[in-house]
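Q: Let me begin by handing over the structure; questions about it come next.
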Amino acid sequence: MRVLARVGVGPLCSAARAVIPCFWRGKYFSSGREPAENQVTPMLRHLVYKIKATGPITVAEYMKEVLTNPAKLLGIWFISEWMATGKNAAFQLVELGPGRGTLSGDILRVFSQLGSVLKNCDISIHLVEKTPQGWREVFIDIDPQASDKLRFVLAPCVTPAEVFIQSDETRDHVEVCPEAGVIIQELSQRIALTGGAALIADYGHDGTKTDTFRGFCGHKLHDVLIAPGTADLTADVDFSYLRRMAEGKVASLGPIKQQTFLKNMGIDVRLKVLADKSDEPSRQQLLQGYDMLMNPKKMGERFHFFALLPHQRLHGGSHPMNACQSKPSPSPVAGFGELAWR
């Protein structure tokens, strides 16, 4: 999950992880796509040693072990929100997601007149499955039939991840992300108290999908348990969970499809301006990039945008201001409606 936030000053506290020990036994299920040969990577050896020493690990811990763009338009989004909320001279630009903060770097080249604080973190998921005994978390263990292979197993008893399942949940498989919930709660509290905005962009759904945990290697689907460390691991964001975690402290917008968001942000106008100034090879590259971003069969309908804003941002209520701020205006939120400048 990629989170970009403009918030007030102050550190985000970390969430403690609870662990409930269990005695592991019972049947297991495989990853489902067994290749002829299993590549033994240094990461696989590390995971095998770790599991032998401490027992099966969660999918979230596995992702953390294995996992160690239209930036200009996103920059414009933040400028729009900054202008709409009073042009406060002091703010933070926070990027939560894997990598080195290059996305924020690109945005800051658009918004270069203002300072920043960049932070990065990987957000991982827990898999929980409905069984006759109730909800049980999916862990990763060593395959007893092959010491250099991994397998999925079901926890024989309750684990902390099951607390995040809703009582009226109808799905049989649910992916939960407590870390994302903590971050959303802290962002919501910060935005409610000091203003700001958070823009969350990722593959996602609104509480409708089940199994989205997958791996990619060379732009192709890759078994998540095969040759760990050689493929990127990802899972879709459950935006309905993020909305619940905001607990009504802030207003939420979306999720909306990337195609809609970028069109609202003026990507068509920008494409025309750039294409008119480009030679033929560059023009073809622009069109290919546009197709990747906007095509419904590619990222256009798979990638979604979701925003958190103060309630008064949408309703024009009062908001604490200092001498450097002008009065906030309930203008339309860029990307989620008409792009408005003042």
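The values are calculated or read from the model by the stated rules, or taken from the named source; none is laboratory data. Computed from a predicted structure; not experimentally measured. Because the Cβ atoms are built from the backbone with ideal geometry, glycine has one as well, and the counts that use them run over all protein chains shown. In case anyone asks, the SASA skips ligands and DNA or RNA and just uses the protein heavy atoms, side chains included. Shrake-Rupley method; radii C 1.70, N 1.55, O 1.52, S 1.80 Å.
Q: When you count, for each residue, the other Cβ atoms within 10 Å and take the mean per peptide, how do 276-286, 76-86 rank with the highest first?
A: Values: 276-286: 10.8, 76-86: 21.0.
Peptide ranking by packing, descending: 76-86, 276-286.
Q: Between residue 146 and residue 165, what is the label-to-label distance in nm when each label sits 7 Å out along the Cα-to-Cβ direction?
A: Spacing of the two 7 Å Cα→Cβ label points: 3.0 nm.
Q: Relative to 2.2 N^0.38 Å, what does the C-alpha radius of gyration of the range 123-167 come to as a ratio? Two decimals please.
A: Values: Rg = 12.2 Å, N = 45, 2.2 N^0.38 = 9.3 Å.
Taking N as the residue count of the range 123-167, the ratio is 1.31.
Q: Whenever you get a sec, compute what percent of the accessible area on the range 207-299 sits on carbon and sulfur atoms (1.4 Å probe).
A: Details: 2800 of 5010 Å².
Carbon and sulfur together cover 56 percent of it.
Q: Sorted by packing (mean other beta-carbon atoms within 10 Å per residue), highest first, where do 161-169, 148-156 land? Display every interim value, and only then the final one.
A: Details: 161-169: 13.6, 148-156: 18.9.
Highest-to-lowest ranking by the protection proxy: 148-156, 161-169.
Q: Same structure again: If you stretched the chain out fully between residue 285 and residue 173, how much longer would it get, using 0.36 nm times the residue separation minus the C-alpha to C-alpha distance? Write down the numbers at each step before the final one.
A: Values: separation 112, 0.36 × 112 = 40.32 nm, distance 4.01 nm.
Separation in residues times 0.36 nm, less the Cα-Cα distance, equals 36.3 nm.
Q: Treat each spin label as a single point 7 Å out from the Cα along the C-beta direction, and report the residue 276 to residue 52 distance in nm.
A: 6.7 nm
Q: From the C-alpha coordinates alone, can you work out the Kirkwood hydrodynamic radius of the range 135-207, in Å? Write down the numbers at each step before the final one.
A: Working: mean 1/r = 0.0640 Å⁻¹.
In the range 135-207 this quantity evaluates to 15.6 Å.
Q: Return the aspartates and glutamates within reach of residue 297: Cα separation strictly under 16 angstrom, same-chain partners fewer than 8 residues apart disregarded; answer none if there are no such residues.
A: 202
Q: Using R₀ = 41 Å, calculate the FRET efficiency as 1/(1 + (r/R₀)^6) where r is the Cβ-Cβ separation of residue 315 and residue 133; round to 0.05.
A: On the way: r = 47 Å, r/R0 = 1.15.
The formula returns an efficiency of 0.30 here.
Q: As a test of reading the structure, rank 65, 95 by solvent-accessible area (1.4 Å probe, protein chains only), most first.
A: On the way: 65 45, 95 5 Å².
Largest to smallest exposure gives the sequence 65, 95.
Q: Applying 1/(1 + (r/R0)^6) with R0 = 30 Å to the Cβ-Cβ distance of residue 185 and residue 232, what FRET efficiency is obtained, to the nearest 0.05? Intermediate results must be reported in sequence, preceding the final value.
A: Details: r = 27 Å, r/R0 = 0.91.
About 0.65, to the nearest 0.05.
Q: Take the residue pairs 272/298; 263/298; 50/209; 257/298 and return only those whose Cα atoms are more than 23 Å apart.
A: Working: 272/298 21 Å; 263/298 16 Å; 50/209 31 Å; 257/298 12 Å.
Flagged as over cut-off: 50/209.
Q: Let me ask you something else. What is the gain in length, in nm to one decimal, between residue 216 and residue 269 on full extension, counting 0.36 nm per residue of separation less the C-alpha to C-alpha distance? Can you show the working numbers first?
A: Details: separation 53, 0.36 × 53 = 19.08 nm, distance 3.28 nm.
So the chain would gain 15.8 nm between residue 216 and residue 269.
Q: Counting only Cα atoms, I'd like the Rg/Rh figure for the range 186-231, Kirkwood definition for Rh.
A: Values: Rg = 17.0 Å, Rh = 14.1 Å.
Radius of gyration relative to Kirkwood radius: 1.21.
Q: Going by a ≥ b ≥ c, the root eigenvalues of the Cα gyration tensor, does the range 134-281 fall in the rounded group (a/c under 1.5), the prolate group (a/b larger than b/c) or the oblate group?
A: Working: a/c = 2.71, a/b = 1.31, b/c = 2.07.
It comes out oblate by the Cα gyration axes.
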